[in-house]
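First comes the structure, then the notes that go with it.
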Amino acid sequence: MPRVLALALLLLPLLSPDVSTAREAEPSPMAANAMPPPPAWLGALDTLYDKQVRVTELEDRAFSPEHWWDVAGPLATPARGFHTEDVGRSAEGRPLRHVSWGEGDTRVLLWSQMHGDESTASMALADLFRFLGEHPQHPLVQRLRKNTALHFLPVMNPDGAARFQRRNAQGIDVNRDARALVTSEARALHDLRERVKPAFGFNLHDQNVGYRAGDSDRGTAIALLAPAFNEARDVDASRTRAIEVAVAIRAVLEPYIAGHIAKWDDTFNPRAFGDLTAQAGVSTVLIESGGIEGDLQKQRLRKLNFLALIGALDAIATGAHAGLPRARYEELPENGKVWPDLRISGGTLALPGQPQAKVDLLVEFERPLLERGGVIADIGDLGDVRARRSIDASGLYIVPFDPPGTPAGNRKTFAPDLPAYFHLSRDPQGHDVVWTLAGDVDPAKPTPP
């Protein structure tokens, strides 16, 4: 009898091939959690972008809102399938415009430049308008038109954009006005969301270029977030969809900036638009554009924003986001430390009438990629501080001088929070100068010889 039983067990797989085949077809847990490959269309769209999508006249990221609409408005005409309407006015009376496109059932709301100096996504939205309007036969455009209805509120803090500053003309951070709704800009976004009732939302920002990816020394080029909708940071069906779309975005970005993609902190903020939009049941994704060294006007990041948005929207249009592994989102490192922009190390500070002192300096720039608008951040022993860029001033003197227009007799002490104006000189009087920082770094001479 034991021999008969053993023979039957050996023959069972042969007599029931469907059972064994089913077992072989089951994906392993590792395969199910694998990083999805980049979309098949990515290479071709990358090439098309450079030739027939990228909009000119947005090379300087500090554009006015009027200039943006002069460039992007003609791309979003009714003849190209767009509809544009005014949905409010800024504090200073500039128009807040809602642009819509698409015939599908899945509604998506995208808003940009809530902070006036965060313009990367606004440039990418102009590119997106051109792609949707000028390439109606492209398979991606056809899928998006059929399956989605896209709603845009671009450059939604135009007064801040006019000044290239974070806050609006009243000095209010619009992204912290989602609860009180005291600003006209916040009310316009809130009311548009309530009217459109989108299934998905995209909150498009820029972040400090000094952020590192986790505890590495790699800068964060783009950070993603599926924001929490409550203090407990629960993950319900709506947030799950946002996480899946974030994974689809990561799949697009990995070939370009692997290791430079991070995750924003998901602590719930009851005043922030991303969090309260998620709380309203919208699957919301935050995209934060950081920096790529050498990408002075964020033109590479602009292109990556465009590709990321197309990847996200196509995943939504086709449903391809469903089931993408949450683990590939959770494993992204959070934004880590913020490195200062410039460290001058080992110089000797030479102030008139004061003892000389060997010190390090930290300088932060208002426009860090361009190194413009430098301010002294710290002075002293800063040898353990990592910075985005360092200059060795060993054997040189740090000789401060007054910014232009300083009244005679009103010389200010060389101190943190003051404009960065100094020479690196071979002598303490500043006669034999080898390098100068006069607020802005001279791009023709970024370092001493």
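Tabulated data
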| quantity | calculated |
| --- | --- |
| Alpha-carbon centroid distance for the pair the stretch 329-384 / the stretch 197-255, whole angstrom | 29 |
| Burial ordering of Thr267, Thr120, Thr106, fewest other beta-carbon atoms within 10 Å first | Thr267, Thr106, Thr120 |
| Net dipole in debye of the stretch 42-338 [+1 Lys, Arg Cβ; -1 Asp, Glu Cβ; about Cα centre; nearest 20] | 420 |
| Taking Phe422, Phe164, Phe202, Phe414 and counting other C-beta atoms within 10 Å, the order from fewest to most | Phe164, Phe414, Phe422, Phe202 |
| Spherically averaged projected area of the stretch 342-438 from its Cα convex hull (nm²) | 6.2 |
| Cα pair distances in the stretch 249-401, grouped into 10 Å bins until the bin that holds the longest one, percent each | 9, 26, 28, 18, 12, 6, 1, 0 |
| Phi to ³J(HN,Hα) by Karplus 6.51 cos²θ - 1.76 cosθ + 1.60 over the stretch 103-113, Hz, x for Gly, Pro | 10, x, 8, 8, 8, 10, 10, 10, 10, 9, 6 |
| Using alpha-carbon coordinates, inclination of helix 299-318 to the longest axis of the chain, degrees | 20 |
| Distance between the stretch 87-145 and the stretch 267-322 - C-alpha centres, whole angstrom | 13 |
| Over 29 Å (Cα to Cα) - which of Lys197/Lys337; Lys337/Lys358; Lys263/Lys298; Lys146/Lys197; Lys303/Lys337; Lys358/Lys445 fall in this group | Lys197/Lys337 |
| Label zone at Glu92 (point 7 Å along Cα-to-Cβ), backbone N below 16 Å, the stretch 156-185 | 156-174, 184-185 |
| Distant-in-sequence amide H partners of Lys358 (H built 1.01 Å from N, under 5 Å) | Leu349 |
| Derived scalar couplings ³J(HN,Hα) [the stretch 335-344; Karplus, 6.51 cos²θ - 1.76 cosθ + 1.60; whole Hz; x for Gly, Pro] | 3, x, 5, 9, 7, x, 6, 9, 10, 9 |
| Degrees separating the helix 120-134 axis from the principal Cα axis of the chain, which is the longest one | 50 |
| Principal-axis tilt of helix 237-257 within the chain, Cα atoms, nearest 10 degrees | 60 |
| Along each principal axis, Cα extent of the stretch 98-196, largest first, Å | 45, 26, 14 |
| Nonlocal amide H pairs with Tyr211, under 5 Å, H built at 1.01 Å | Thr220, Trp339 |
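Readers should treat all values here as calculations from the given coordinates under stated rules, not as data from a laboratory. Values in this document were obtained by computation on a predicted structure and should not be read as measured data. Note: ideal-geometry Cβ built from the backbone for every residue, glycine included; neighbour counts use all protein chains shown.
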